[in-house]
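Accompanying notes for the structure given below.
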Amino acid sequence: MTNKKFSRGGQAGIAAIISLLIVGSAVGLAIAAGDGPGQSPTTVAGQAPETVGYVNYETPELLLAGHAGRPLVINFFASWCAPCRAELPDLAAAHAEFGDRVDFVGVDYQEVSEASAAKLLYETGITYPIMEDPRGALLQELGGLPTMPTTIFVSADSVIIERHHGLILAEQLAERIEEIIAAS
């Protein structure tokens with residue numbers, strides 16, 4: 001019986017030592033790769049940023065005017081919205097395909113956590129500008145209905161061509177983008 005207790009205790013001890021080595025190595029690497037004096041914060045490869053670099057347009061008119069002359073796709077999303085999470089990879093792909101001809105702006109709607117938003121954007125590959133809509137005023141002014149997600153398609157002359165409420169499929173997204181390119 002003593003051997004069984006020892007072997008269980010020995011196994012637990014070995015597991016504890018291995019865990020300490022792993023944690024110690026991770027901490028050591030983090031310190032070695034960390035930010036030194038005078039360096040700016042860095043993002044570790046494979047790790048989502050903790051904040052979003054939001055752009056600011058104070059009114060819907062300024063948002064549209066800021067992109068006048070180019071078609072525009074405006075997507076309202078939030079990290080707490082499951083359909084938003086589902087469609088964001090398609091928006092990232094559309095931006096990669098059409099970004100040379102169409103501007104994209106994401107609007108973070110009534111977000112509960114900036115860290116959650118940053119993680120979502122990182123995981124879904126979104127690289128276009130993001131702005132905040134903490135009270136939902138911009139969605140109400142541009143989108144009409146407070147439905148999540150909402151994607152708004154704007155022609156180069158700042159005319160809203162369509163408001164798509166709810167999840168948009170990749171094929172629909174591509175068709176609408178082609179329409180606003182053609183209308184511009």
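The values are calculated or read from the model by the stated rules, or taken from the named source; none is laboratory data. Bear in mind that the values here come from a model prediction, so they are computed numbers and not experimental data. Every residue, glycine as well, gets a Cβ built from its backbone with ideal geometry; the counts of neighbours run over all protein chains shown.
Within region 103-119, the set of residues being among the β-branched types (Val, Ile, Thr) and at pLDDT 90 or above comprises Val105, Val107. For beta carbons closer than 6 Å, sequence separation of 6+ or different chains, a first residue in region 111-125 that is farther than 15 Å from Ala86 by Cα and a second that is of a type in the set (Ser, Thr, Tyr) and surrounded by fewer than 17 Cβ atoms within 10 Å (Cβ to Cβ), the qualifying pairs are Glu114/Thr51; Ala118/Thr51. Residue-level analysis places Ala170 among those that are modelled with pLDDT of 95 or more and surrounded by fewer than 17 Cβ atoms within 10 Å (Cβ to Cβ).
What number of residues within region 139-162 are of a type in the set (A, V, I, L, M, F, W, C) and either free of Cβ contacts under 8 Å to residues at least 60 places away in the same chain or touching a Cys at 6+ places or on another chain (Cβ under 6 Å) (or both)?
Residues that pass the stated criteria total 5.
Just for region 114-128: of the residues that are aliphatic (A, V, I, L, M) and touching a Ser or Thr at 6+ places or on another chain (Cβ under 8 Å), which one is surrounded by the fewest Cβ atoms within 10 Å (Cβ to Cβ)? Among those residues, the one meeting the criterion is Ala115.
Please work out which residue is nearest to Pro71 (Cα to Cα), limiting yourself to region 144-173 and to residues that are under 20 Å from the mean Cα position of the chain (by Cα) and assigned to a helix (DSSP H, G or I). In this case the residue turns out to be Leu173. Failed condition for Arg176, given (1) closer than 22 Å to Asn56 by Cα; (2) in a helix (DSSP H, G or I), with all others met? Checking Arg176 against (1) closer than 22 Å to Asn56 by Cα; (2) in a helix (DSSP H, G or I), the one that fails is (1). Of all residues in region 45-87, those satisfying the criterion of being closer than 14 Å to Ser116 by Cβ, of a type in the set (A, V, I, L, M) and touching a strand residue (DSSP E or B) at 6+ places or on another chain (Cβ under 6 Å) are Val52, Ala78. Every listed requirement among (1) of a type outside the set (Asp, Glu); (2) crowded, with 20+ Cβ neighbours inside 10 Å; (3) over 23 Å from Tyr54 (Cβ atoms) is met by Ile74 save one, (3).
Selection of region 129-157 for residues being surrounded by 17 or more Cβ atoms within 10 Å (Cβ to Cβ) and of a type in the set (Ser, Thr, Tyr) yields Thr150, Thr151, Ser155.
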